[in-house]
Amino acid sequence: MGPCGKFRCSRRNVLILWRIARNRYPGFSVLVDAFKSLGLLEPTVAIQPAAWNDLTRSALEVQLKTSIPNDPASIQSAIADLVGEPHRDETLDALRTFGILYGVGKDIAPPSAVIPRNPTAPLDLFAAVLADKLRYNPGERDLVLLYHEIVAQSASTGEEELHTSSLVAYGDERASAMARTVGLPLAFAVRSVLDGSVHARGVCGPGADKAVWTNVLQGLQRVGLGMQEKILPRARGRLSLEESLIRSRA
Amino acid sequence: MQEIAGKDILKQGFSDLPISDVLKLEGIANRDSLPYAETYSLGELDSLRTIVRGTLR
């Protein structure tokens, strides 16, 4: 790793690819945690909602172990109890957008999937809803973001330096970024095995044989998916990633 | 060392990570971060101030 003697600090942050309500990245954790509180992510129980807009109420009944009348006020009050008042409105907005809440406006289409005839886990029903409602529309694209940040102390000057290694890939008309960043490394690894340059045998990680990872990294560079590496002086006057992580935990 | 129970992983996310100038990103912890010190040849754990592996959203 170049000129740095002793590493004082390191961290790694990996990957992406998720959309929750269109074009909305912040708030993912809070919203998914709210879905969890409502019982929509339950994998082991089975429910039979009467229609898609009955899904939230059916999941709530299992979660709260009580029957909930089929009226908006009762359902909304149960939701507020479970997710907390501060998160109530954004949770209701998301459920309405997905078409799984009573009192939905006529402008919102119900999920296109057919509700199974047999009782089904809320998680499976909710997954069918998301697969329909969060599907990519023509012209929309995905994003893969891989980011490493290492803070190291320079052996020569003693100053802290920021070493970053990152990849930003967007999908295009031909393929999603996810398909390219998963499929191409695999293809380069397979080609290395087929051309006889890999001597390791059996199931092993990419680090087990130098021929695998050198060919994968060179191949990715060739197709424009190489990691971009930078060394910067430690930024002053701006919250560092490390500080923001610690602040989040405080 | 900070430990986060699996059921709390979404509640205890990392908000507003300064990673991109154009994207507002948050993160959640992704499994045990500590073994990655060895994977990335970062030296002894005792010599590291911080090590975190996470998933960006």
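Can you find, within the stretch A:174-198, the residue that is nearest to A:L146 (Cα to Cα) among those that are touching a residue at least 12 places away in the same chain (Cβ under 8 Å) and outside any helix (DSSP H, G or I)?
A:S176
If you scan the stretch A:113-165, which residues turn out to be under 30 Å from A:Q48 (Cβ atoms) and within 14 Å of another protein chain (Cβ to nearest Cβ)?
If the condition is that a residue be under 30 Å from A:Q48 (Cβ atoms) and within 14 Å of another protein chain (Cβ to nearest Cβ), then A:L134 is the only one that fits.
A quick yes/no check of all residues on (1) surrounded by 14 or more Cβ atoms within 10 Å (Cβ to Cβ); (2) over 23 Å from B:G54 (Cα atoms):
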| residue | (1), (2) |
| --- | --- |
| A:T181 | yes, no |
| A:S192 | yes, yes |
| A:G196 | no, yes |
| A:R222 | no, yes |
| A:L245 | yes, no |
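So, of the residues in the stretch A:96-124 that are modelled with pLDDT of 95 or more and not in a loop (DSSP other than H, G, I, E, B), which turns out to be nearest to A:T56 (Cα to Cα)?
A:P122
What residue, among those in the stretch B:26-49 that are at the interface with chain A (Cβ under 7 Å from one of its Cβ atoms) and under 9 Å from the mean Cα position of the chain (by Cα), is surrounded by the fewest Cβ atoms within 10 Å (Cβ to Cβ)?
If we take residues in the stretch B:26-49 being at the interface with chain A (Cβ under 7 Å from one of its Cβ atoms) and under 9 Å from the mean Cα position of the chain (by Cα), then B:N30 is surrounded by the fewest Cβ atoms within 10 Å (Cβ to Cβ).
Residue by residue through the stretch A:43-93, note down the ones that are part of a helix (DSSP H, G or I), aliphatic (A, V, I, L, M) and closer than 24 Å to A:V114 by Cα.
A:L55, A:A59, A:L60, A:V62, A:I75, A:L92
Output the number of the condition that B:R31 fails; it satisfies all remaining conditions of (1) touching a helix residue (DSSP H, G or I) at 6+ places or on another chain (Cβ under 7 Å); (2) assigned to a loop (DSSP other than H, G, I, E, B); (3) on the phi > 0 side of the Ramachandran plot.
(1)
What pairs come out if I take residues in the stretch A:131-155 that are under 21 Å from B:T55 (Cα atoms) and pair them with residues that are of a type in the set (K, R) and part of a loop (DSSP other than H, G, I, E, B) whose C-beta lies under 9 Å away, six or more apart or interchain?
Note: pairs meeting the criteria are A:L134/A:R19; A:L134/A:R22; A:D142/A:R19; A:V151/A:R234; A:V151/B:R49.
The values are calculated or read from the model by the stated rules, or taken from the named source; none is laboratory data. Just so we're clear, the structure is a prediction, and the values are computed from it rather than from any experiment. FYI the Cβ positions are ideal-geometry reconstructions off the backbone, even for glycines, and counts take in every protein chain you see.
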